[in-house]
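Asker: One structure coming up, written as structure tokens, with questions to follow.
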Amino acid sequence: MTTRRADATAVVRARSWRLFRGVLAMLVFALPVVLLGLAVRQQFDPLIRADDALSRAATGFTVRHGLVPLLTVIQTVSLPIFVYLVATGVAIWVWRVKKLKGRALWAFVTMMVGWAIGGISKPIAQRARPAVDDPVPHAEGYSFPSGHTLNITLAAGVLVFLLWPLLSAAGRRIAVALAIVVPVIVGLDRLFIGAHFPSDILAGHILGLGIMFASWIGFIGKTASTSSPGPSHPA
């Protein structure tokens, strides 16, 4: 009985410490996003000027080189609803076929929570979208942070962690490369199609990464393996 109590206490302590580390990681990533958001709300002149200049230069480049159709396609396929439909399908496959229930559940919940956080963040900042001229389409809703960027960064990272123990060494390198390249492409698309300012995109990347790493550290941990269907104990 004493041994069982000691084991239970050790598990509670380990989980509490893991959760604390996750919260700490989220705070570290959230700080620059909050600072950017405050700068946007307070109309911090150097940031606003830089954002406006870069946005105008990017959309001007798009118009001159006829990139609107291509960027519109990227914008459509990277919509969060499509991204999460694919990612949820992968999570279901990992759950049902590979029997990694805990890992798949972690991935799905993390992505849905991140999607919700992104949606809640926009009304807080209440930043208007960049003003663009035809033929660049004008995006609707608030601008800060970029929802496309946040969600693709989050989903790409979560999928890497989800599939990591199932991939070969070469597969892991490819997965990491895609998790970097694809969000960068989507972020550039948001800038050059005039949907977001650079600071919106930067905030989306940081927040997506923060949610992913904080959730992983807090609920799974670096020692998770293919043989474990649920969260593992920290090293």
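The values are calculated or read from the model by the stated rules, or taken from the named source; none is laboratory data. Remember, predicted model here, so these are calculated numbers, not experimental data. Every residue, glycine as well, gets a Cβ built from its backbone with ideal geometry; the counts of neighbours run over all protein chains shown. The protein model used for the area step is the full one, side chains on, heavy atoms only, and it has no ligands, DNA or RNA in it. Shrake-Rupley method; radii C 1.70, N 1.55, O 1.52, S 1.80 Å.
Asker: Does segment 126-136 contain any residue that is over 19 Å from the mean Cα position of the chain (by Cα), in a loop (DSSP other than H, G, I, E, B) and of a type in the set (S, T, N, Q)?
Answerer: yes
Asker: State all residues of segment 180-210 that are open to solvent by less than 20 Å² (accessible area, probe 1.4 Å) and of a type in the set (A, V, I, L, M); if no residue qualifies, say none.
Answerer: 186, 193, 195, 201, 203, 207 - these are the residues of segment 180-210 that are open to solvent by less than 20 Å² (accessible area, probe 1.4 Å) and of a type in the set (A, V, I, L, M).
Asker: Of the conditions (1) at pLDDT 95 or above; (2) touching a helix residue (DSSP H, G or I) at 6+ places or on another chain (Cβ under 8 Å), residue 101 fails just one. Which one is it?
Answerer: (1)
Asker: Which residue, of 73, 40, is in a helix (DSSP H, G or I), in contact with a Lys or Arg (Cβ under 7 Å, 6 or more places away or on another chain) and not charged (D, E, K, R)?
Answerer: Within the list 73, 40, the selection yields 40.
Asker: Further question on the same structure: So for segment 163-179 (the condition being crowded, with 24+ Cβ neighbours inside 10 Å and in a helix (DSSP H, G or I)), does at least one residue qualify?
Answerer: No, because not a single residue in segment 163-179 is crowded, with 24+ Cβ neighbours inside 10 Å and in a helix (DSSP H, G or I).
Asker: Just to be sure, is residue 120 assigned to a helix (DSSP H, G or I) and open to solvent by less than 40 Å² (accessible area, probe 1.4 Å)?
Answerer: The answer is no for residue 120.
Asker: May I pose another question? In segment 29-73, how many are closer than 25 Å to residue 124 by Cα, loosely packed, with under 12 Cβ neighbours inside 10 Å and within 21 Å of the chain's Cα centre (by Cα)?
Answerer: 1
Asker: Of everything in segment 83-115, what is under 12 Å from the mean Cα position of the chain (by Cα) and either open to solvent by 40 Å² or more (accessible area, probe 1.4 Å) or more than 22 Å from residue 147 (Cβ to Cβ) (or both)? Give them in sequence order.
Answerer: 112, 113, 115
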